[in-house]
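To keep things clear, I will list the structure first and then write my remarks on it.
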Amino acid sequence: MAEVLVNIVGVLMILAVIWWFWLGPKRSASKATPSTDNLQILVKDGVYEPDLIRLPAGRTATLHFHREDPSPCSEWVLFPDLEVSAQLSLNQDTLVEIPKAEPGEYPFNCQMQMYRGTLILE
Ligand SMILES: [Cu+2]
């Protein structure tokens, strides 16, 4: 009897895995990144990748911007609401310090707002 139960539990777990990965809740089209303060953001082909970043509110964080786009417009990244800006060197990682801030959505963009992203502090 115990063996049957174990088998049933095993089958249910397999079904749960299948449900989660193939049939499960629709993933959002926007790529949200897991919370970490060591994120790399690729600046290339007119987009920040990822363009949606989630970080814990109320603590500082460091973002690594890796710029591969030679266009001068992408040279600066601006977080207007956080009063943060950084000049990005081409083909290099540039560390951008995010200060402690209240929970909320903080857009970031290049100089002409061609590149756009959102930092969510939560
Ligand atoms: Cu731009």
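In summary, no strands (runs of 3 or more DSSP E) completely within the range 59-122 bear 2 or more residues that are within 14 Å of the ligand (Cβ to nearest atom), of a type outside the set (Ser, Thr, Tyr) and touching a Cys at 6+ places or on another chain (Cβ under 6 Å). Condition check for Ser85 on (1) buried (at least 18 other Cβ atoms within 10 Å of the Cβ); (2) under 18 Å from Leu52 (Cα atoms): one failure, at (1). Looking only at the range 48-75, residues that are within 24 Å of Pro103 (Cα to Cα) and of a type outside the set (Asp, Glu) come to 16 in all.
Every number in this text was worked out from the coordinates using simple rules, so none of it is lab data. Keep in mind that what you see is a predicted model, and the values were worked out from it rather than measured. Cβ sites come from the backbone with ideal geometry, for glycine too, and all protein chains shown count toward neighbours.
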